[in-house]
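Before any comments, here is the structure.
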Amino acid sequence: MFYQAASLIVLLITVLVVMKCFGITQWLNPFVLFWLYHVVFLFGGIFYRHVYEDSVLIESSVIVLIWSGLLLTTLGALMARAIVPGGLKTMSIAGLDLEPDRRVKKFVATMFFVVGATIAVMYFLSVGTVPFLADDAEDFRVEARMGKGFMVLLAIAFLKYSVFTIAVLKARQSRGVVTLVPYLCAAFVLALGIGNRAPALEIVLFAVLIVYAARNVSPPVATLTLAAVIGLTAMAFLGILRRGLDLSSTMMLLQAAWRPFANIQNLQWIYDAFPDNIAYLYGFGYLIDVAVVLPGYSPNFGTWFKEQVGLDFSGGSVTVSYLGESYANFGWIGVVSIACICGFILAYLFYRFRICRNAEGIVLLACLATSLKSIVSSGFVSVLLYDTCLLIGIHLMYKQSISALRWLRGSQAKPL
C-alpha cells in the first residue's frame with residue numbers, strides 16, 4: 001500500500017508540473033509525449049503489479065528506479081525550459097503557411113506513400129504471406145524479418161511520413177479529412193499486415209491529432225484520454241488475434257494490462273542480472289544495438305540479454321526500456337544522469353523546431369515526437385538508429401524532391 005500511495009504522489013507531482021509548465025495536451029512536444037508514454041507503459045503497471053506476482057515479484061528498488069526515471073526526465077525538461085526564451089508551454093501555429101506549392105507537396109507525399117505501400121507488398125511477397133494472418137503470427141512475424149527487417153522499417157517509415165504530410169496539407173480543406181480516410185485505412189492495413197500493431201494504430205491516431213494541430217485546435221483532455229483507451233483496447237484485441245487466443249472481456253483486460261507490466265517485469269530481470277550475474281557493460285550495451293546492421297547474426301540488446309539469462313518465450317526480444325538500458329550499462333549513476341539528459345534534450349527539441357511555419361516543419365516535429373517516445377520501452381539506440389534517423393532521412397528526401405520539382409517547373413516556365 002505504501003508504494004502505491006508514494007507512486008500516486010510522484011505521479012501527481014509530475015502531472016502538475018507538466019500541466020503548468022508544458023501543457024499536457026501539447027503532444028507535439030517530444031518531452032510531453034515521452035512523459036505520457038512513460039506514465040502509461042512503464043509507470044502505470046506499478047499500481048496493479050500484485051496481479052502478476054505469481055509471474056515475477058517486483059522489488060521496491062525497481063519501483064524506486066521507475067520513480068527516478070519519471071522525476072528526473074521531468075527535471076531535465078524543466079532545466080531546458082529555464083534556459084530557453086519564452087518558455088516551452090505553448091506552440092501557436094495559427095500562422096502556419098500551407099499554401100506555397102501545395103500541389104507539389106501533395107504529389108511528392110503521395111509518391112512517398114506509394115513507395116511505402118510497394119515496399120510492404122514486396123515484403124509480403126518475399127515471405128509468402130501476410131505475417132499478421134499466418135497461423136503462428138506471433139513467432140512467424142519475427143522469423144520472417146530475418147534478412148528482410150530493413151524492408152519493414154522502410155515501409156513503415158515511408159507510410160508514416162507520407163500520411164502525416166498528407167494530413168497536414170489536407171487539414172484546412174473543406175473535404176480534406178474525408179479524402180484522408182483512404183490513406184489512413186491503407187496505411188493501417190499494410191502496417192498491421194506486417195505484424196506491427198503499435199505503428200498501425202499510431203499512424204491513424206497521430207494523423208488525426210495532426211489535423212487538430214494544423215487547425216490550431218488543442219483537443220480536449222477527455223478526447224485524448226478516450227483515444228488512449230481506444231488505442232489500448234485495440235492493441236489488446238489485435239494482440240489476442242495475433243496470438244490466436246480466445247476472445248473474451250477478461251482476456252482483453254489482461255492483454256491491455258500486460259503491456260505496461262511487461263516493461264516493469266523486464267526491468268526487474270535486468271536489475272536482478274546486473275551486476276550480480278553480468279558485470280555492468282559500460283557502454284557496450286549500446287554497441288550491441290549498433291552492431292545489428294553488421295552482416296551475420298547480430299542480435300539487438302534485448303535479444304542478447306534474453307540469451308544471456310536463458311529466457312524462453314515467443315515474440316522476439318526483451319523490451320529493455322531506457323531505464324533498463326541505462327542501468328545495465330552504468331548502474332544507478334547512469335539512470336540518474338541519462339534520465340535527466342534525456343528530458344532536457346526532448347524538451348529542447350520542441351523549442352528548436354516549434355518556430356517552423358510550414359508543413360514540413362510540423363511533420364518533422366510530429367515524426368520526432370512519435371518516434372522518440374518509443375525510447376520509454378525500447379531504449380535509445382534501436383529507436384534512434386532504426387526509426388528516428390530513417391524518418392529524418394525521408395524528411396530530407398522529401399524536401400529535396402520538392403526543390404527539384406520547383407526547379408524543374410521554373411526551368412520549363414522560362415522562355416527559350
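The values are calculated or read from the model by the stated rules, or taken from the named source; none is laboratory data. Since the structure is predicted, the reported quantities are computational estimates derived from the model, not experimental observations. FYI the Cβ positions are ideal-geometry reconstructions off the backbone, even for glycines, and counts take in every protein chain you see. Note: accessible area is taken over every heavy atom of the protein model, side chains too, but ligands, DNA and RNA are not part of it. Shrake-Rupley method; radii C 1.70, N 1.55, O 1.52, S 1.80 Å.
Side notes on the structure shown:
- Filtered by the rule that a residue be out of contact with any strand residue (DSSP E or B) (no Cβ under 9 Å at 6 or more places or on another chain) and crowded, with 23+ Cβ neighbours inside 10 Å, the range 352-363 gives Ile362, Val363.
- Residues of the range 248-284 satisfying the condition of being under 16 Å from Ser378 (Cα atoms), under 21 Å from the mean Cα position of the chain (by Cα) and open to solvent by less than 60 Å² (accessible area, probe 1.4 Å): Pro260, Phe261, Ala262, Asn263, Ile264, Gln265, Asn266, Leu267
- With respect to the conditions (1) buried (at least 22 other Cβ atoms within 10 Å of the Cβ); (2) at pLDDT below 95, Cys342 falls short on a single one, namely (2).
- Test set (1) touching a Gly at 6+ places or on another chain (Cβ under 7 Å); (2) crowded, with 22+ Cβ neighbours inside 10 Å - Asn300 fails condition number: (1)
- The set of residues in the range 6-54 being at pLDDT below 95, of a type in the set (Gly, Ala, Ser) and farther than 16 Å from Thr73 by Cα consists of Gly44, Gly45.
- Restricted to the range 138-164, and to residues there that are among the acidic types (Asp, Glu) and open to solvent by less than 60 Å² (accessible area, probe 1.4 Å), the residue that is farthest from the chain's Cα centre (by Cα) is Asp139.
- The residues listed here are Ala134, Ala117, Ala167; of these, the one that is within 22 Å of the chain's Cα centre (by Cα), of a type outside the set (Phe, Trp, Tyr) and under 30 Å from Leu294 (Cβ atoms) is Ala117.
- Cβ-Cβ contacts under 7 Å between residues 6 or more apart (or on different chains), taken from a first residue in the range 202-221 that is basic (Lys, Arg) to a second residue that is surrounded by fewer than 17 Cβ atoms within 10 Å (Cβ to Cβ), are listed as Arg215/Arg172.
- In the range 313-337, the residues that are modelled with pLDDT under 95 and under 20 Å from Gly76 (Cα atoms): none
- The number of residues in the range 283-334 that are among the β-branched types (Val, Ile, Thr) and outside any helix (DSSP H, G or I) comes to 3.
- Entirely in the range 353-400, the helices (runs of 4 or more DSSP H) that have 2 or more residues that are modelled with pLDDT of 90 or more and farther than 15 Å from Phe164 by Cα: 375-378, 380-383
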